[in-house]
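The values are calculated or read from the model by the stated rules, or taken from the named source; none is laboratory data. Given the structure is predicted, the values throughout are model-derived calculations rather than measurements. For neighbour counting, all protein chains shown are included, and Cβ atoms are generated from backbone atoms with ideal geometry for every residue, glycine included. For the accessible areas, the whole protein counts, side chains as well, though only heavy atoms, and no ligand, DNA or RNA atoms are used. Shrake-Rupley method; radii C 1.70, N 1.55, O 1.52, S 1.80 Å.
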Amino acid sequence: MKELDAFEDDLVERFERHPVLAGAALLSADGFAAVLLQRRFLSLAFTPAYDLAIDLLEDESSRRIARVILREEYPGGDGRVPSHREDMKADMLRLGVSRKALVETAPTAVTVEATTAIFRLIAEAGRGPDADLRLVTILRFWGEILVAAEYGRLWPRMAEVLTGDGVNRSRFYHPHLVHDAKAHPLGAESLPSGTHSDQLGARLAELVTGEESAAGFRETEQRVLRIKTDFYDQFLPLVPAPD
C-alpha cells in the first residue's frame, strides 16, 4: 500500500505543478475569472457523476460512503440552506465574477470533453474487472483529492478577497479544500469525521487485493489525471511568459 500511496502522491504533485495552477497568481483578473467560470461546469458535473457511480457500484460499503458524500452537497431538507453549487456561485460573485458572465458563459469544447470524459470513464469502469475498486478510485481521485489540490493552488489568489480581519468568508472553495483533501496515507483508518478522500481511501485499500487490482488503481488514476490536465491545458495561453 505504501507504493500505491507514493505513486498517488507523485501524481498529485505533478498536477499541482501544472503552469495554470502553479501560476494562478500571475493570471489577469479576466483570466482568473475565465478559469473559475469553466471550472464551474466541472463542479456542476460532480453530483451526476457520483449518482452514476453509485448506480454501478456493487460494494455496499462503498455505496454508503458515496451516498453520504453526495447528500452533503444539499444540506438541510427544507430548502432553506443553499446547496454547495449555490455556495460556489456566492464565492464567485465575491471574487468579482459578474452575474452577466455566469449567465452568458458557455462551456468550451475542451470543458465539455472534460465533463463527458469522466462519465465515459465511470461507465467503462463499471463494465470492467475490479469495477468497485476502479469506481471508488475515480470518485476519490477525480472528485476529492485533485479537487482539493486545485483549490489549494487557487486559494492564495482567492484569499486576497475572501478573507479579511481574521475572518474567512469563503462558503465553497476553502471548505472544499479542507474536507476533500487527502489528510492521511492511502489505507489509513478513517474516522467518520475524516475527509472525503480518507473515508473513500480506507475502503479503497480493502478493495486492493493483489497486483491486478493495484494495476487497475494506477491506470485509473493516470487516466483521471489526464482528464484534469487536459482541462487546464486550455488556459495555458493565459499564463504570462516568464521575463
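For the reader, a short list of remarks on this structure follows.
- All helices (runs of 4 or more DSSP H) inside the range 1-67 with 2 or more residues being of a type in the set (G, A, S): 29-44, 46-56
- Residue among G128, G76, G143 that is under 28 Å from S62 (Cα atoms) and surrounded by 19 or more Cβ atoms within 10 Å (Cβ to Cβ): G143
- Inspection of the range 108-123 identifies at least one residue that is open to solvent by 20 Å² or more (accessible area, probe 1.4 Å), in contact (Cβ under 8 Å) with a residue 12 or more places away in the chain and outside any helix (DSSP H, G or I).
- Residue in the range 199-209 that is under 23 Å from R85 (Cα atoms) and either modelled with pLDDT of 95 or more or out of contact with any strand residue (DSSP E or B) (no Cβ under 8 Å at 6 or more places or on another chain) (or both) present: yes
Each row is one residue, and each column tells you yes or no for (1) open to solvent by less than 50 Å² (accessible area, probe 1.4 Å); (2) in a loop (DSSP other than H, G, I, E, B); (3) not polar (S, T, N, Q).
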{"position": "E160", "(1), (2), (3)": "no, no, yes"}
{"position": "S170", "(1), (2), (3)": "yes, yes, no"}
{"position": "H174", "(1), (2), (3)": "no, no, yes"}
{"position": "A181", "(1), (2), (3)": "yes, yes, yes"}
{"position": "H184", "(1), (2), (3)": "no, yes, yes"}
{"position": "Q199", "(1), (2), (3)": "yes, no, no"}
{"position": "E212", "(1), (2), (3)": "no, no, yes"}
{"position": "R226", "(1), (2), (3)": "no, no, yes"}
{"position": "T229", "(1), (2), (3)": "yes, no, no"}
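- Criterion applied to V68, V81 was being within 19 Å of the chain's Cα centre (by Cα), at pLDDT below 95 and either of a type outside the set (D, E, K, R) or open to solvent by 60 Å² or more (accessible area, probe 1.4 Å) (or both), and the one residue passing it is V68.
- Among the residues listed as D55, D9, the single one being within 24 Å of R203 (Cβ to Cβ) and open to solvent by 70 Å² or more (accessible area, probe 1.4 Å): D55
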